[in-house]
Each structure stands twice: as C-alpha cells, then as structure tokens.
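Student: Could you have a look at this structure, given as structure tokens, before my questions?
Read the figures in this text as sums done on the coordinates, not as results from a lab. Computed from a predicted model, the values in this text were never measured in an experiment. Note: ideal-geometry Cβ built from the backbone for every residue, glycine included; neighbour counts use all protein chains shown.
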Amino acid sequence: MTAFRLERLFAVLSVVAAFSASACLFLIELFAGKQLLPRFGGAPGVWITCLAFFQLALVAAYCHADRLIRRWSPGSQVGIQAMLFAAAAIVAPLGLGAALTERVQEQLPVPLVVLLMLAASLGPSFFAVASLAPLFGHWRSRWGRAAGGGPAAADRAYGLYAAGNAGSFAALVAYPLVIEPAAGLASQAEIAARLYAVVAVLTIACGYFAASRSRDAGGVYPADPRRPVGWPTWLRWAALAAVPASWLSGLTTYATVEVAPIPLLWVVPLAVYLASFVVVFSPGGRRLSSLERPAVMAAVGIAAWLLAGNVEHPTWPVITAHLTAFFVVCVGLHGLLVDERPPADQLSAMYLAMAAGGACGGLFNALVAPAIFDAHHEFPLAIALAAALVPAVDVGRSIRIRWFVVAAAAGVVTTLAVAAPWVASPRWLWLTALASLLVVALVFLRRVERGLVIAAVFVATFVMGETFERVIHRSRTFFGVLRVCEAANGPSRTLVHGGITHGVQLVSDDPERRRIPLSYYAEAGPLGSVFRGLETVRPLRRVGVAGLGVGTVAAYAEPGQQFVFFEIDPEVVRIARNPDWFTFLADCRGDVRVVVDDARLALEREPEGAIDLLVVDAFTGDSVPTHLLTREALALYGRTLAPDGVVALHVSNKYLDFVPVVERLAADGGWMALQGRDDDVPTEFARSPSEWMVLSRSLDVIKAIYTQPTSDRWRWRPCAERPSGRPWTDDHTAVAEALRR
C-alpha cells in the first residue's frame with residue numbers, strides 16, 4: 001500500500017474512531033441520566049449534576065491523556081489504553097447499582113449521592129473512552145509531521161475534535177427519538193457495551209498505525225519554534241470554555257422550568273452547544289470570524305434583555321431567541337479558542353484547559369449555585385461574564401465617555417429598581433429603556449465595565465420582579481426554586497415551582513374557609529367526584545397521596561381518617577407545614593402524616609391492603625417521574641390498596657398526553673379505568689382546568705364514581721379496554737411516545 005493511501009486510510013480511521021468514541025460517551029451519559037432521573041423524582045438538578053460529573057471525569061481523563069502524551073511513545077500509549085479498556089470493562093460493567101442509593105441517600109445530599117453512584121458504576125468506562133480525544137489528535141499530529149507536512153498538516157488533528165462533537169450530536173439526537181422508544185434499559189446497556197468494544201478495537205487500530213508510522217520515521221519530527229503554553233493562556237482557555245458550559249446549564253434550567261416545562265427540551269440547548277464545536281473546529285469554520293464580535297455583543301444583549309425583562313411569551317419565539325443567542329455566543333467564545341490554539345503537538349494542553357473550564361462551569365451550576373443562591377442567578381451571571389470576555393468593536397471611545405455611560409447606567413438601574421413598584425408605566429416603556437441601556441453598555445464600555453453593568457441590570461430587574469409578584473418566601477433545593485406568593489387581587493397564597501402552580505389556599509381567620517380545596521383539587525372537579533363516589537360505597541379509612549404541594553388534598557379528610565403524604569423534597573414539606581404560609585395540614589380534621597421520600601420507595605414499605613385511595617399527583621412538570629407510571633409501579637399500587645381500593649392519577653400536562661399510557665397500563669394489569677377532563681372551567685378563582693384518571697378492580701366503586709360528577713361542565717369517560725401499544729415498564733419508558741401531537 002502506498003504512503004498516500006496509507007495516510008488516507010489512517011485519516012478515515014481516525015475520524016471514524018473519534019466519531020464513535022464521542023457517540024459512546026454520550027450514550028453512556030444519556031443512559032446514566034435515564035436510570036437516575038426517576039430515582040430522584042425527575043428533578044432537572046439530576047441531569048445538571050450528571051453533566052457536572054461527566055465534565056469532571058473528562059478533566060481526569062484528559063489529565064491521564066496529557067501524561068501519556070508527554071511521557072510515553074505511541075506504542076506504549078496504545079498498550080496502556082488497551083489495558084485501561086479491559087480493566088474498566090472488568091471492574092465496573094455498564095450499569096447503576098441500586099444498593100448504593102439505599103445505603104447513602106439518607107446520609108448525604110442528593111447531588112453527592114448522584115456523583116457517588118456515577119463514580120462507582122459508569123465512571124471507569126467513561127474515563128477510558130473520554131481520554132481518547134487528545135490521543136487521537138496527538139496520533140494524527142505525529143503522522144502528519146512525520147510525513148513532512150509540517151505544522152499545517154499537523155494542525156489537521158484539530159479537525160478530529162469536530163468529528164468527535166459530531167458523534168456526540170448524533171448520539172444526543174438519536175437517543176430520545178430512536179434508541180429510547182425502541183430499546184429498554186437492558187438493551188441500551190447492551191448497545192453501549194458493544195459500542196464500547198468497537199471503540200476499543202478502533203483505538204488499538206489507530207494506535208498501531210501511529211506507532212508503526214513513528215517507528216518508520218525514527219520516532220522524531222521537526223521541532224516547532226513556538227513557545228510552550230503558559231499559565232495565563234491556559235487560564236484564558238479555561239475561562240472561554242467555562243462560561244458557555246455555565247450558560248448551557250443555566251439556559252437548560254431556565255427554559256425547562258421557568259419558560260416552558262416541555263419534556264425533552266433539555267436536548268436542544270445541549271445540541272446547540274455541541275454544534276458550536278463542530279462549526280468552529282471544522283475546516284472553514286472561521287471564515288466569518290470577523291463578524292463574531294458584533295454578533296456576540298448583539299446575542300448577549302438579546303439574551304440579557306429577554307431575561308432581565310422577564311419576557312417569556314410567546315413561548316416558542318422566546319425559546320428560539322434564547323437558543324439563537326446561545327449558539328452565537330458559543331461560536332464566538334469557542335471560536336476564540338480555535339484562534340488561540342497551540343501547535344498540534346500541544347493540543348492535549350488546550351483540551352485539558354477546555355475540559356477544566358467546562359467542569360468548573362458545570363460544577364458551579366450543579367453544586368455551588370444551589371448552595372449560595374436562592375434563585376437561578378447563575379444564568380444571568382453567565383450572560384454577564386460572556387459580555388466581559390469578548391472584546392468589543394472599537395468605536396472610538398474615550399475615558400470621559402465611558403465614565404459618563406457608567407454613571408448614566410447606574411442612574412437608570414437605580415431608577416428602575418426604586419421607582420418601578422410605585423410608578424404605573426406601560427411594560428413596553430420599561431422594556432425599551434432596558435434595551436437602550438443594554439445597547440449603550442455593550443457598545444461603549446470595556447469588558448469588565450460591560451459585565452458589571454449587565455450584572456447590575458439583572459439585580460435591579462430581579463428586585464422589581466420580586467416586588468411585582470409579591471413573593472413572601474423563596475427557597476432553592478436540588479429539585480428547583482420554590483416561591484410562596486400572595487395574590488394582588490385576592491386574599492390567597494400560592495406555591496409556585498418555576499412556572500407550575502403546586503397549590504393555592506385562601507387566607508382567612510375562618511378554618512372552614514381555609515379548608516376549601518382550590519385549583520386542580522376543587523370539590524367541583526374530578527377529585528371531588530372521587531371522594532364523593534367512594535363515600536357512597538364505604539367510609540374511607542386511609543388515603544395515600546404521592547406529592548404534597550401545599551397539602552390541599554388534606555382538606556377532604558374527615559375525623560377518624562388518616563392521610564399519608566409522600567413527598568421527595570423536604571423543603572416542600574417545610575413550606576406546607578408552616579402555618580404562616582399554608583394551613584391545610586394544620587387544619588386537617590383527620591390524622592395527617594408526611595413521609596419524606598420518593599413515593600414508590602415509600603409505598604414499598606407500606607403494609608399490604610392498607611390504603612383505600614391512592615392519589616398520585618406528580619406529572620405536571622417537564623421532568624416526569626416515569627417510574628410512577630410503569631407496570632411494576634401499578635402492581636405496587638395494587639398491593640398496597642384494599643381489594644376495592646382506587647388509584648386517582650392527576651395527569652394534567654400541557655405537553656404530554658398520559659391518557660394512552662395509563663390506558664395501556666390499566667388493560668395490562670386488569671384494572672377498570674375512567675378519565676375525567678375538567679377543562680371547561682369558568683373564569684373564577686376557585687378552580688383550575690385539570691385531567692384525572694381513576695383505576696380500580698371493583699366494578700361497584702367504578703360505577704359509584706362514574707355516577708357522581710360534581711359539575712355539569714364535565715363527565716367521566718370509560719377508558720379503552722384494549723388500547724394499542726405496549727405498556728411502560730421499569731425497563732422501557734419513552735417520554736417521546738407521550739408527547740401531544
């Protein structure tokens with residue numbers, strides 16, 4: 001085989017290996033998230049923590065690769081890497097053990113539990129694959145230099161980074177759309193294991209070619225005259241990688257919790273993030289670099305204006321604008337990395353800096369921000385830092401003009417914060433003033449000044465928002481930000497998580513008035529019909545409720561009855577129990593008990609046949625706990641219920657249709673089912689549109705509930721007895737199947 005053909009073969013093999021390795025990495029990440037999310041209530045923080053772990057593991061892997069490159073020959077490198085692949089496959093096969101969760105979950109914070117589970121299970125396999133990107137680039141660089149191509153030929157090694165991110169992008173898109181609907185967890189583990197083996201073989205093949213070529217060239221090639229990488233440069237690389245990583249996590253949380261709780265929406269920001277690497281590291285990816293600085297400034301301004309102005313509607317245009325701004329900023333900051341890249345024989349140093357920066361950004365959002373912030377302040381902080389990192393376009397600024405702009409900006413920010421609560425002005429006027437301030441700051445100010453002004457704008461508008469929304473309490477946990485708000489037009493309080501209302505209560509000195517169930521749980525709605533129908537059959541003794549909210553369901557309790565709530569977030573329990581905010585639990589006429597745990601794990605400890613009615617209320621957000629809607633979960637519900645017991649599922653969701661899912665589960669388990677949709681709700685305070693499904697194995701109970709509608713605006717509907725499709729199981733769930741068409 002000629003040298004030219006051999007080089008072409010090695011180039012193709014390197015691209016395939018880089019693509020496959022990154023696809024394998026992302027498959028491992030998504031597989032881990034699929035297993036972990038249900039165990040912790042489907043909180044967005046679980047996915048953020050997973051990202052942080054894998055970014056940290058990437059740093060460790062790149063440190064290992066950098067050490068290999070500096071100290072060992074290509075032949076030794078491939079031998080060490082082969083042993084690492086074998087050791088990881090033997091010590092920690094792909095999978096997550098549940099035993100670790102049970103042992104440490106009660107003693108440690110949830111983020112640390114997630115990190116420990118990942119480290120003890122998927123960590124070694126991820127480490128082995130993650131260390132390949134610098135090695136592939138190094139081997140490609142040595143081949144090009146040994147062939148006499150010089151630095152220009154060696155720099156083609158950076159193109160493998162684009163191929164690797166393309167593999168990550170492909171795995172990210174294929175997983176929710178193809179792999180998850182078609183394969184259960186066991187099959188996914190098998191797919192990941194086989195791809196892991198393929199990557200190992202490709203790695204050995206690439207390493208063999210590189211080692212052979214190095215021996216043919218005598219193991220040497222011309223030295224590069226450029227100086228080694230210094231710490232200032234390394235830290236700048238890390239900063240340029242950290243800000244987009246933090247922006248990614250912040251945007252993911254903001255978009256899926258605050259703007260639109262749309263399932264699978266988290267995929268899009270991550271895809272945009274990966275696409276930016278593909279663009280800037282590809283051949284020709286820097287052709288429009290001259291336009292990047294003004295484009296990044298415009299993107300930062302748009303993102304800051306949308307966030308500071310609390311612009312959330314219309315939903316899809318707002319999300320599209322955020323994603324577009326994020327893509328432009330990522331291309332700009334990552335493009336600066338490409339512009340400042342070192343010679344290809346030093347690429348491992350740059351990759352390590354990028355990994356370290358990405359890990360710092362991810363860990364800050366996952367672990368530090370929840371501990372120091374009581375709201376999602378890390379997102380505006382990332383926007384301000386991005387503004388401070390990018391050099392501005394020179395418009396002939398003078399020091400006097402700059403300080404005048406700073407003073408004017410400070411005055412506008414102060415006026416906005418102080419005067420807004422008392423000055424009735426049109427919203428468009430405030431948004432226009434905000435846009436003008438941001439444009440002036442981005443055009444006339446330097447980096448640090450620009451970032452400080454944008455940060456000040458965020459602080460001012462946040463204070464304004466808290467004042468307008470009448471927030472009387474706000475707290476942040478691993479599961480999100482919780483706010484207790486007072487209504488401006490009525491004596492009531494509301495518990496809000498992101499954009500989802502989790503309970504409303506009237507404020508009154510009369511306990512009877514305070515006990516009126518409102519919102520989704522109103523007596524005129526389907527849940528009221530369930531309680532009324534069951535009372536005609538026999539008295540209720542014990543009611544279980546998965547999901548506490550503010551404890552509204554306790555309003556249905558009568559003397560002698562016991563209501564047991566299962567709630568995964570301790571902060572929700574603290575809020576519901578505080579009589580200064582909500583009194584449903586304190587005013588409950590029966591015996592009430594709250595168990596702080598995942599509902600399914602808690603129900604496994606309940607005696608057989610101990611519950612007459614089980615209310616499952618956990619499906620209104622974007623992070624759906626699918627483990628509560630599987631064949632095994634429904635079997636557990638049946639075990640804990642009395643023979644004529646009832647499961648009432650609150651399946652209201654703007655973006656997911658759970659009715660077919662529950663119908664398939666009911667038919668599979670031999671349950672009779674009813675569906676009630678109370679969406680023709682008059683404009684009144686007491687009731688919100690809701691959708692409920694009722695399951696029971698007692699025909700008498702189903703008939704009793706069916707004949708007890710509590711309003712003439714809705715009716716119960718019998719569910720299909722033989723629905724199409726397969727039921728969800730612990731091994732197979734696919735949220736994409738439930739998306740509303």
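Student: Just rank 169, 582, fewest to most, by other beta-carbon atoms within 10 angstrom. Intermediate values should be presented prior to the final figure.
Tutor: Working: 169 22, 582 25.
By the 10 Å Cβ count, ascending: 169, 582.
Student: If we count other beta carbons within 10 Å of each Cβ, what is the order of 360, 24, fewest first?
Tutor: Details: 360 22, 24 29.
Sorted ascending by nearby Cβ count, the order is 360, 24.
Student: Now for a separate question. So how far apart, in nm, are the two label points at residue 6 and residue 212 if each is 7 Å from Cα heading toward Cβ?
Tutor: Taking the two extended label points, one gets 0.7 nm.
Student: Can you work out the PRE-style zone for residue 589? Point 7 Å along Cα to Cβ, and I want the residues of the stretch 518-559 with backbone N under 14 Å.
Tutor: Only 532, 535, 540, 554-559 pass the distance filter.
Student: Quick check on the exposure proxy: order 110, 596, 296 from fewest to most C-beta atoms within 10 angstrom. Intermediate values should be presented prior to the final figure.
Tutor: On the way: 110 20, 596 16, 296 26.
By the 10 Å Cβ count, ascending, the order reads 596, 110, 296.
Student: Residue 724 to residue 186: FRET efficiency via 1/(1 + (r/R0)^6), r the Cβ-Cβ distance, R0 30 Å, to the nearest 0.05?
Tutor: On the way: r = 24 Å, r/R0 = 0.79.
Approximately 0.80, to the nearest 0.05.
Student: Still on this structure, I have one more. I need the shape label for the stretch 488-527. Rule: rounded when a/c is under 1.5, else prolate if a/b > b/c, else oblate, with a, b, c from the alpha carbon gyration tensor. Walk me through the numbers before you get to the answer.
Tutor: Working: a/c = 2.34, a/b = 1.13, b/c = 2.07.
Since a/c reaches 1.5 but b/c is at least a/b, the shape of the stretch 488-527 is classed as oblate.
Student: Distance in nm between label sites at residue 470 and residue 639, each 7 Å beyond Cα in the beta-carbon direction?
Tutor: Result: 4.7 nm between the two label points.
Student: Now for a different question. As an exercise, use a Förster radius of 51 Å and the Cβ-Cβ distance of residue 712 and residue 286 to find the FRET efficiency, rounded to the nearest 0.05. Write down the numbers at each step before the final one.
Tutor: On the way: r = 67 Å, r/R0 = 1.31.
Efficiency, from the Cβ-Cβ distance: 0.15.
Student: Could I ask something else about it? Between residue 197 and residue 574, what length comes free when the chain is fully extended (0.36 nm per residue of separation minus the Cα-Cα distance, one decimal in nm)?
Tutor: Numbers: separation 377, 0.36 × 377 = 135.72 nm, distance 4.88 nm.
Additional length available on full extension: 130.8 nm.
Student: While we're looking at this one, here's another question. Using R₀ = 60 Å, calculate the FRET efficiency as 1/(1 + (r/R₀)^6) where r is the Cβ-Cβ separation of residue 82 and residue 487; round to 0.05.
Tutor: Numbers: r = 65 Å, r/R0 = 1.09.
After rounding, the FRET efficiency stands at 0.40.
Student: Give the shape of the stretch 608-735 as rounded, prolate or oblate, defined through the alpha-carbon gyration tensor: a ≥ b ≥ c are the square roots of its eigenvalues, a/c under 1.5 means rounded, and otherwise the shape is prolate if a/b is larger than b/c and oblate if not.
Tutor: Values: a/c = 1.65, a/b = 1.20, b/c = 1.37.
Oblate shape, in that a/c is at least 1.5 and b/c is the bigger or equal ratio.
Student: Continuing with the same structure: How big is the gap, in Å, between the Cα center of the stretch 271-290 and the Cα center of the stretch 309-364?
Tutor: First find each Cα centre; the distance between them is then 11 Å.
Student: In terms of the Cα gyration tensor, with a ≥ b ≥ c the square roots of its eigenvalues, is the stretch 522-738 rounded because a/c is under 1.5, prolate because a/b exceeds b/c, or oblate? Write down the numbers at each step before the final one.
Tutor: Values: a/c = 1.29, a/b = 1.19, b/c = 1.09.
Because its axes are fairly even, with a/c under 1.5, the stretch 522-738 counts as rounded.
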